[in-house]
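Please read the structure below before turning to the comments.
Every number here is computed from the coordinates shown, using simple stated rules; none is lab data. Computed from a predicted model, the values in this text were never measured in an experiment. As a convention, Cβ positions derive from the backbone with ideal geometry for all residues, glycine included, and neighbour counts pool all protein chains shown.
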């Protein structure tokens, strides 16, 4: 699993950097300030949790494998729900997508709890 989460984290970091560049250059004139802010939040949290997946990869070689795996999957699901819904909201303006975002946030929080508990053994 450590290689899977390392690969997922690396791919997610790549996409977050690409999204950040897109937001900084190509979208600045196409999205309004509010939508651009939402887009930037999505990219920022995607990068945070891409780095978290790299930490999960490292932690899974040292601590409770089941808890680190849970953390990795929660970070992955959280990224899809949180960042994905915000990207969708920024591009489409469809407001109900914002209702999905907190589910991703809860997945992020649960992932951090699992990662913390994995260190306890």
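Figures for the structure shown
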quantity: Contacts under 9 angstrom Cβ, first residue in the stretch 62-82 being in contact (Cβ under 8 Å) with a residue 60 or more places away in the chain and on the phi < 0 side of the Ramachandran plot, partner buried (at least 19 other Cβ atoms within 10 Å of the Cβ) and in a loop (DSSP other than H, G, I, E, B), 6 or more apart; calculated: 68/60; 69/60; 72/60
quantity: Condition check for residue 111: surrounded by fewer than 19 Cβ atoms within 10 Å (Cβ to Cβ), outside any loop (DSSP other than H, G, I, E, B) and in contact with a helix residue (DSSP H, G or I) (Cβ under 8 Å, 6 or more places away or on another chain); calculated: no
quantity: Subset of the stretch 35-64 [assigned to a helix (DSSP H, G or I) and under 17 Å from residue 110 (Cβ atoms)]; calculated: 45, 48, 49, 52, 53, 55, 56, 59
